[in-house]
Amino acid sequence: MARCRLCTSNDVEAVNEHLAEKLWDSRIANLEDHIPWEEAGATWQAAFRELAVAARQALSM
């Protein structure tokens, strides 16, 4: 059985980055031209990293 990555990770930054990418993918999937996370651009990456931190904090409380 897989363990919860959110609960078991000691690398908060890696969890935030993973979550930011997954959030990006979930939103960008609705567009005709899929833009990979690596090509999202600094502004979008920063915004989704902030969302990821907020989501992780909300789920950790």
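The values are calculated or read from the model by the stated rules, or taken from the named source; none is laboratory data. Given the structure is predicted, the values throughout are model-derived calculations rather than measurements. With ideal geometry, Cβ positions are generated from the backbone for all residues, glycine too; neighbour counts draw on all protein chains shown. Side chains included, ligands, DNA and RNA excluded: accessible areas come from the protein's heavy atoms. Shrake-Rupley method; radii C 1.70, N 1.55, O 1.52, S 1.80 Å.
Restricting attention to the range 1-27, which residues are surrounded by 13 or more Cβ atoms within 10 Å (Cβ to Cβ) and at pLDDT 90 or above?
Val15, Asn16, Glu17, His18, Leu19, Ala20, Glu21, Lys22, Leu23, Trp24, Asp25
Do we have Leu31 as open to solvent by 90 Å² or more (accessible area, probe 1.4 Å) and outside any loop (DSSP other than H, G, I, E, B) here?
no
Just checking, how many residues over the range 6-25 are more than 14 Å from Ser60 (Cα to Cα) and aliphatic (A, V, I, L, M)?
3
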